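What follows is a set of notes on a single structure, which appears directly below.
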Amino acid sequence: MNYKYFQLNNECYLVIGKKRATIHNLLKREIIWLDEEQTKLALMFENGEKVDCNNSFIESLCQAGWGFSSEKKYYIDKIRTKNLFTQNMFYKERPIIYSCTLHLTNECNLNCNKCGNIYCPSCIKYEDNSLPQIDQLKVLITELKDYGLHEVVLAGGEVALYQQLEELIEYCVGNKLRVTVNTNGLIKVKADGKIQIILNIFSHEQLELVQKNYKETDNVFVILHDMKKETEFLNPTWRAVEKDTSLPEMKTATMRKLGVLEFNTTKFWNTCLCNRIHIMNNLDVVTCLGKTELIGNLKSDSLSSIVLKLYENQWKDTKAADDNNGCSLCEFRYSCTPCILTKKKEPCNLV
């Protein structure tokens, strides 16, 4: 027996679950999943108790350079991106809206069979069919700039069917905003290098038409929904990603291996929602396009009150704070990929 103090390095974080635990190495972007016996041992050394450093688990951590043993106990200041003292200040910094998604219309010229059944959709049909007035949108964008707005995402339905789309794009570009147009590509949106086009592709036939419409356009990002091995046929200047429209399975193999910034951000904020606002065609503000929970309406509620609700109730809605689905008891709560807002079809077998 060789009882000493064992401590993880400052880049290594222990995350305790209901029965098991994980250790994240934020500099190496690696993760270790502990069994129940290793978890008990990890709890002991994290609580400042001496442990047998001849134990194979402790030896493996030392050999990997994830920690060290010593006769004395040292204070280890963990690597973090946020000054903890600022969390207790009386004065709080103003919330920042970095990105705004504007859902402009429910009208669509594709009407694919996946409509309404896509996990994390980028186009939906909302319950209200009213169209936003261009003057209302311009005023709204001006107000959002006071919150640090940097990017506007234009979506639908099919956004190209919104008659004043070009005027809205010109207004956003004139205000030094990055503009992304989310379209199915069947109607060509004028792109002169000042905006980014995101093409949502659902079939081979659609892909052929889209390639003709945008063959001269370089700043294009393609999302291939449930389509495999199609990237080799695309314009070589385009970026593309294959996306499964169904709810992702929760497997240890798909868990994210986090760096310093991602880990510390995920601990405190919902990284999908933080600093973002989603505004529908009738000026409803919703959680996101995938979960249209009503936050407020900009016709009746002030922007400041809605931003405060987003900040307090949505942006801080993390897996670590979620008791309903058991996520807060899971050792993978910071690295799990499926969205916390999606209702699970089956209980997660990792918890």
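Consider Thr245 carefully, then state whether it is hydroxyl-bearing (Ser, Thr, Tyr), without any contact (Cβ under 8 Å) to a residue 60 or more places away in the chain and farther than 24 Å from Leu144 by Cβ.
Taking the combined requirement at face value, the residue does not satisfy it.
Go through segment 61-81 residue by residue and tally those that are in a loop (DSSP other than H, G, I, E, B) and in contact with a Leu (Cβ under 8 Å, 6 or more places away or on another chain).
The number of residues fulfilling the criteria is 4.
If you go through segment 253-264 one residue at a time, do you hit one that is hydroxyl-bearing (Ser, Thr, Tyr), assigned by TED's automatic domain parsing to the domain that holds Asn219 and assigned to a loop (DSSP other than H, G, I, E, B)?
no
Does Ile58 satisfy the condition of being surrounded by 12 or more Cβ atoms within 10 Å (Cβ to Cβ), modelled with pLDDT of 90 or more and not in a helix (DSSP H, G or I)?
no
Looking only at segment 286-313, count every residue that is surrounded by 17 or more Cβ atoms within 10 Å (Cβ to Cβ) and either among the small types (Gly, Ala, Ser) or assigned to a helix (DSSP H, G or I) (or both) and tell me the total.
Residues flagged as surrounded by 17 or more Cβ atoms within 10 Å (Cβ to Cβ) and either among the small types (Gly, Ala, Ser) or assigned to a helix (DSSP H, G or I) (or both) within segment 286-313 amount to 7.
Just to be sure I understand, how many residues within segment 61-83 are loosely packed, with under 11 Cβ neighbours inside 10 Å, among the charged types (D, E, K, R) and in contact with a strand residue (DSSP E or B) (Cβ under 8 Å, 6 or more places away or on another chain)?
Residues in segment 61-83 being loosely packed, with under 11 Cβ neighbours inside 10 Å, among the charged types (D, E, K, R) and in contact with a strand residue (DSSP E or B) (Cβ under 8 Å, 6 or more places away or on another chain): 2 in total.
State all residues of segment 127-168 that are within 26 Å of the chain's Cα centre (by Cα) and loosely packed, with under 12 Cβ neighbours inside 10 Å; if no residue qualifies, say none.
Within segment 127-168, Glu127, Asp146 qualify.
The values are calculated or read from the model by the stated rules, or taken from the named source; none is laboratory data. Here the structure is a predicted model, which is why all the values come from computation and not from measurement. Positions of Cβ are backbone-derived with ideal geometry, glycine not excepted, and every protein chain shown enters the neighbour counts.
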